[in-house]
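Every number here is computed from the coordinates shown, using simple stated rules; none is lab data. Source: prediction; values computed, not measured. Backbone-built Cβ (ideal geometry, glycine too); neighbour counts: all protein chains shown.
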Amino acid sequence: MKRKTRADRIRKILKERYPEAVTPLFHETPFQLLVATILSAQCTDNQVNKVVRELYKHLKTPDDFARAQIMTIEKYIRSTGFYHNKARNIKNCSQIILENHAGRVPRTLEELVELPGVGRKTANVVLGAVFNNPGIVVDTHVGRISQRLAFTTHKDPVKIEYDLMPIIPKSDWSDFSLRLVFFGREICSARKPKCPTCPLDRLCPWPDKTT
């Protein structure tokens, strides 16, 4: 079976299992989603949501973060890990958004990845979730599952992204990525995937399936 045909069948199954493909990160504005996504690096969505719900009571806008002391930002985001770098990136990112983008989050991938702390993954999350501009988000779940499904042989996120682009319709890039994340958390985990009960079992060529 061709990869494209297999991908179409997999997309249909995942869509039926996870009909609501909505980012779980709490936000009320595009900027708040940008901050939450930066904080999500090496941190769970649940923990990020706990942090930002408190954080946004005190700091909400690019102006708020640009004016805040680094130590103040660090105080609120400490539990997300790597908080020194994250605080510095968020503050610098806020300043650039104010200075170069009139206080608004850029709407293109090229502009977003120029912001401190923003890579293709973060940019594609924001573009897909708030600007209706689909992008393939390659996190650890998407990378692992794409390899197991033989959609890619690469480990580099950018190469995986480009391998998925031709076999997934562009309109479904963001939703498909989210559904793979949900699927990775529920079924196709890294250490103990639930292969015997997996709805993709017959479409998955991974040789190391669990029994």
Discussion item. What does the C-alpha gyration tensor say about the overall shape of region 30-130? Classify as rounded when a/c is under 1.5, otherwise prolate if a/b is larger than b/c, or oblate.
Written reply: oblate
Practice prompt. Compute the Kirkwood hydrodynamic radius of the chain, taking the inverse of the mean of 1/r over all pairs of distinct Cα atoms, and give it in Å to one decimal.
Written response: 18.0 Å
Fill in: Ranking of TRP173, TRP206 by count of other Cβ atoms within 10 Å, fewest first
TRP206, TRP173
Worksheet item: Taking LYS15 as the anchor, which aspartates and glutamates have their alpha carbon closer than 14 Å to its alpha carbon, excluding any fewer than eight residues away along the same chain?
Response: ASP172, ASP175
Fill in: Across LYS50/LYS192; LYS50/LYS155; LYS86/LYS121; LYS4/LYS170; LYS2/LYS194, pairs whose alpha-carbon gap is larger than 19 Å
LYS50/LYS192; LYS50/LYS155; LYS2/LYS194
Item to complete: Take each of the peptides 82-95, 100-113, average the number of other beta-carbon atoms within 10 Å over its residues, and list them starting from the highest.
Response: 82-95, 100-113
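If N is the number of residues in region 6-74, what value comes out of its Cα radius of gyration divided by 2.2 N^0.38 Å?
Numbers: Rg = 16.1 Å, N = 69, 2.2 N^0.38 = 11.0 Å.
The value comes to 1.47.
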Worksheet item: With the contact rule set at Cα under 8 Å and sequence spacing of 6 or more, what percent relative contact order holds for region 50-196?
Response: 15 percent
